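S.K.: Below: one structure in structure tokens.
The values are calculated or read from the model by the stated rules, or taken from the named source; none is laboratory data. A quick note: this is a predicted structure, and the numbers were derived from the prediction, not measured. Surface areas here come from the heavy atoms of the whole protein model, side chains and all, with no ligands, DNA or RNA. Shrake-Rupley method; radii C 1.70, N 1.55, O 1.52, S 1.80 Å.
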Amino acid sequence: MAYAIHSLYYILLKTQGQDLSEHPVRNEIERIKGYVEKVKLALNSQEKPNVRIDKTATQRIIEGQRSMRGSKPIPSGEHMNYKEKID
């Protein structure tokens, strides 16, 4: 937003024929460009989180929760059709 506003002001001054080689708006545009580059670099350099699922811990948690409710464990490796019930 700041870059757009300062750029439009720069263009306005340029269209009016003013000398902008030493104008403060030029320095401000360069400063904003520097910050934009820093933000882009920071966003691109972030590492993606490495997600790893611990299967044994997951099974322990599920079995612990199921034992609290008193239901049967989930059958492993068997295909069930829609007519069969787990509980």
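Quick grid of which residues meet (1) modelled with pLDDT under 85; (2) assigned to a loop (DSSP other than H, G, I, E, B); (3) open to solvent by 80 Å² or more (accessible area, probe 1.4 Å):
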{"position": "His6", "(1), (2), (3)": "no, no, no"}
{"position": "Leu13", "(1), (2), (3)": "no, no, no"}
{"position": "Arg26", "(1), (2), (3)": "no, no, yes"}
{"position": "Glu84", "(1), (2), (3)": "yes, yes, yes"}
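S.K.: Quick test of your reading of the structure: Arg66 fulfils all but one of (1) in a helix (DSSP H, G or I); (2) modelled with pLDDT of 85 or more; (3) open to solvent by less than 100 Å² (accessible area, probe 1.4 Å). Name the failing condition by number.
M.R.: (2)
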